[in-house]
1. Does the range 11-25 include one or more residues that are at pLDDT 90 or above, assigned to a strand (DSSP E or B) and more than 20 Å from Glu97 (Cα to Cα)?
2. Tally time: how many residues in the range 411-437 are in a loop (DSSP other than H, G, I, E, B), surrounded by fewer than 17 Cβ atoms within 10 Å (Cβ to Cβ) and free of Cβ contacts under 8 Å to residues at least 40 places away in the same chain?
3. For the range 89-124, how many residues are in a strand (DSSP E or B) and crowded, with 21+ Cβ neighbours inside 10 Å?
4. What number of residues within the range 201-234 satisfy the criterion of being assigned to a loop (DSSP other than H, G, I, E, B) and farther than 30 Å from Thr431 by Cα?
5. With the condition kept exactly as written, say whether any residue in the range 252-270 is surrounded by fewer than 14 Cβ atoms within 10 Å (Cβ to Cβ) and touching a helix residue (DSSP H, G or I) at 6+ places or on another chain (Cβ under 8 Å).
6. Tell me which of these Thr18 doesn't satisfy, since it passes every other one: (1) over 28 Å from Ile381 (Cβ atoms); (2) touching a residue at least 60 places away in the same chain (Cβ under 8 Å).
Amino acid sequence: MKNSLQYVASDIRDEWHTEITPEKYLIGDVISEGWNNTVVTAHSYPVLKYFTHSELRSCVIKTKYIGTMLDDILSNSNDAEERNFRISQLIRRIIMEVYILNRVRHSNIMHAHATVVNEDSLSLQLVLPRLYQLEELIDKYRRQTKGEPMNIRIIAMIIRQVCRALSYIHDANIIHNDVQPENIYLTRRGTIKLSNFTTARMITNEYIAECCSTPDGKPDYMCAEKQYNLKYATSITNYKKYSTSTDIWSLGVLIIHMISYYPNEKWHRLPRTFALQMSERGMPFRWLINDMMQLCVRMEQSGEKNLKQYLNDTMLNVDPNARFTAKQILKSSLIQKWCNESLEQDKDYLVKHFICELDWQNRLKLDIDGYNYNACEAKDIPADFYWDNTWKKLEQQSFAYRLFIYDNDRLRIGSDIERHFTHSDNSLFQTLMLAVDVGTLEMFDIIPVDQNIRSLCFSLIRTAKSHKYNLDKCGPEEVLFDLPPSFQYDVRIAKIIVYLIK
């Protein structure tokens with residue numbers, strides 16, 4: 001795994017230490033601890049003394065105990081087939097989260113400072129920005145206001161930024177699968193970050209779409225399809241599939257949580273399985289809560305008298321196809337009415353009326369600003385591309401690659417593929433995940449293959465620039481490199497040819 005993840009050891013846009021040692025990081029308090037992971041506060045010592053970042057930088061370190069998870073799989077698998085399947089699923093989840101944190105760049109998506117593999121303890125350590133967790137802010141708001149509902153203006157501004165993140169990943173057919181306040185963070189300057197992509201899924205083809213049925217996520221935030229699978233489904237034949245619309249349902253529940261602190265305030269009478277009840281009774285949300293007077297009153301107290309109808313029409317619909325998309329929500333009445341035209345104005349409002357109201361002293365001593373905290377200031381491209389318009393040429397250019405995988409010197413059947421992509425979106429990631437799903441690649445091949453394709457693209461753009469972007473003078477470029485061993489083969493090699501599309 002260390003060989004696979006070496007390409008994302010540190011954010012190339014903002015260098016951090018790639019070893020978790022007392023000389024590199026000052027470890028602080030434990031934030032959370034479970035059987036397979038621990039999250040602690042930390043401070044990073046300067047990477048380059050006397051040049052940049054001369055002061056300690058705050059962060060959190062999330063440690064995933066892969067060895068413990070593997071031991072659990074080995075102890076609780078009935079046979080070799082089940083064991084191998086569960087191990088492959090574990091690898092898929094790890095690589096998916098690592099890739100998104102290091103390659104899917106958006107101002108509303110969490111990024112990793114460093115990704116460290118500790119081979120001695122067989123663990124993965126993610127160095128992440130230290131930010132406010134939305135759940136903690138909501139709980140503090142509840143205590144500070146003695147249980148009053150959050151103001152709809154604040155709610156709408158939070159939802160707007162979460163939707164920007166969802167819209168971006170949904171465009172790449174990625175389902176987050178666990179949208180809830182514990183996985184949403186805020187910077188000191190009011191930027192929302194969607195985080196925790198452990199259970200994220202990418203839908204690459206119809207077969208994968210049909211298989212997307214695992215009830216991942218927090219049960220209280222699950223749509224009816226997931227709650228049914230969690231409670232009733234006994235085999236893959238009677239599971240209900242879900243899609244990106246499952247994230248939209250969770251978004252609606254998040255609004256309910258900010259209004260009534262669901263599911264903790266039981267007197268509001270909204271059951272934890274209300275999604276399943278709506279489905280079983282064929283009942284719309286507005287009818288379900290019609291007699292829940294306290295909840296209805298709280299919705300109006302938040303400042304939006306039509307909130308019940310809005311949730312009914314846009315997010316909390318048992319029909320997945322009837323739910324709005326993230327893009328549609330961004331254009332909906334809630335956002336148009338309560339958010340500013342400028343996103344920066346929204347952030348300023350959140351800082352003044354939400355963050356500073358709850359923590360004006362900055363008790364956590366969070367960094368007020370940080371590279372790529374509040375804007376995607378740079379992408380994973382060579383720094384010199386920003387010296388002129390080379391980065392624009394890169395974004396505008398379409399590429400194609402051919403991929404050949406050799407297992408013990410034998411060409412893998414079906415691996416001679418050609419795919420098209422651009423750097424302006426996540427299409428490269430989509431093509432690589434498709435290759436995994438059809439058996440061309442192993443999941444742990446994705447990051448090294450991705451990095452080598454990117455490097456060839458940068459080289460091609462430099463060549464094109466030297467020829468004043470006369471693409472006729474730019475031939476293909478190729479690379480041959482080793483891949484990590486797989487379950488079946490010890491020696492594996494990849495050959496990649498990348499060329500510009502004219």
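1. Yes - at least one qualifying residue is present in the range 11-25.
2. 4
3. 5
4. 3
5. Yes: the range 252-270 contains one or more residues that are surrounded by fewer than 14 Cβ atoms within 10 Å (Cβ to Cβ) and touching a helix residue (DSSP H, G or I) at 6+ places or on another chain (Cβ under 8 Å).
6. The one condition Thr18 does not meet is (1).
Results for (1) farther than 26 Å from Ile12 by Cβ; (2) touching a Ser or Thr at 6+ places or on another chain (Cβ under 7 Å); (3) assigned by TED's automatic domain parsing to the domain that holds Glu33, shown as yes or no for each residue.
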| site | (1), (2), (3) |
| --- | --- |
| Val60 | no, yes, yes |
| Ser88 | yes, no, yes |
| Ile94 | no, no, yes |
| Val116 | no, yes, yes |
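Listed here are the residues, each with its yes/no results for (1) over 26 Å from the mean Cα position of the chain (by Cα); (2) more than 19 Å from Val179 (Cβ to Cβ); (3) among the aromatic types (Phe, Trp, Tyr); (4) at pLDDT 95 or above.
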{"site": "Gly252", "(1), (2), (3), (4)": "no, no, no, yes"}
{"site": "Arg272", "(1), (2), (3), (4)": "no, no, no, no"}
{"site": "Tyr310", "(1), (2), (3), (4)": "yes, no, yes, yes"}
{"site": "Ala322", "(1), (2), (3), (4)": "no, no, no, yes"}
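The values are calculated or read from the model by the stated rules, or taken from the named source; none is laboratory data. Just so we're clear, the structure is a prediction, and the values are computed from it rather than from any experiment. Please note: Cβ atoms are built from the backbone with ideal geometry, for glycine as well, and neighbour counts cover all protein chains shown.
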